[in-house]
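The values are calculated or read from the model by the stated rules, or taken from the named source; none is laboratory data. The structure presented is a predicted model; accordingly, all values stated were derived computationally and were not measured. Here the Cβ is made from the backbone with ideal geometry for all residues, glycine too, and neighbour counts use every protein chain on show.
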Amino acid sequence: MVKDKTLPNFDKELADIQSKTSETLSFLETQGHRLNLAEWVTIAKYAQQHNLSTQVVTNWINRGKIPADCVIEVPELNNIRLIKDKPY
């Protein structure tokens, strides 16, 4: 007997993600934050792009090597931290 496996509807999932991203960006804008997301990356993405470990990047943030104005925390996205994408 073959079970009927339901495949996820990727188009619907993508539309949901895009909608939630749009809502979050709109909320941030109403709170006075306007971000050019092309300038900001996650800690993991920054580490990958610069051949570093995420622990090194986190340590740099904690020690101030990456300035506080180059790090933002977005509570609406589970407190994810974004780093301005530039060399430090």
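Can you tell me which residue within the range 30-75, out of those that are part of a helix (DSSP H, G or I) and of a type in the set (S, T, N, Q), is nearest to LYS20 (Cα to Cα)? In this case the residue turns out to be THR30.
Evaluate the following for GLN48: is it under 17 Å from the mean Cα position of the chain (by Cα) and either of a type outside the set (A, V, I, L, M, F, W, C) or at pLDDT 95 or above (or both)?
Numbers: under 17 Å from the mean Cα position of the chain (by Cα): yes; either of a type outside the set (A, V, I, L, M, F, W, C) or at pLDDT 95 or above (or both): yes.
Judged against the criteria, GLN48 is a match.
In the set (1) within 24 Å of LYS86 (Cα to Cα); (2) not in a loop (DSSP other than H, G, I, E, B), the condition left unmet by PHE27 is number (1).
Mind listing just one residue for me: the one in the range 78-87 that is surrounded by 14 or more Cβ atoms within 10 Å (Cβ to Cβ) and of a type outside the set (Lys, Arg) and, of those, nearest to ILE17 (Cα to Cα)? Top of the filtered list is LEU82.
When LEU7 is tested against the conditions (1) part of a loop (DSSP other than H, G, I, E, B); (2) among the hydrophobic types (A, V, I, L, M, F, W, C); (3) surrounded by 11 or more Cβ atoms within 10 Å (Cβ to Cβ), the lone failure is (3). Scanning the range 18-47 for residues that are among the polar types (S, T, N, Q) and loosely packed, with under 13 Cβ neighbours inside 10 Å gives GLN18, SER19, THR21, SER22, SER26, THR30, GLN31, ASN36.
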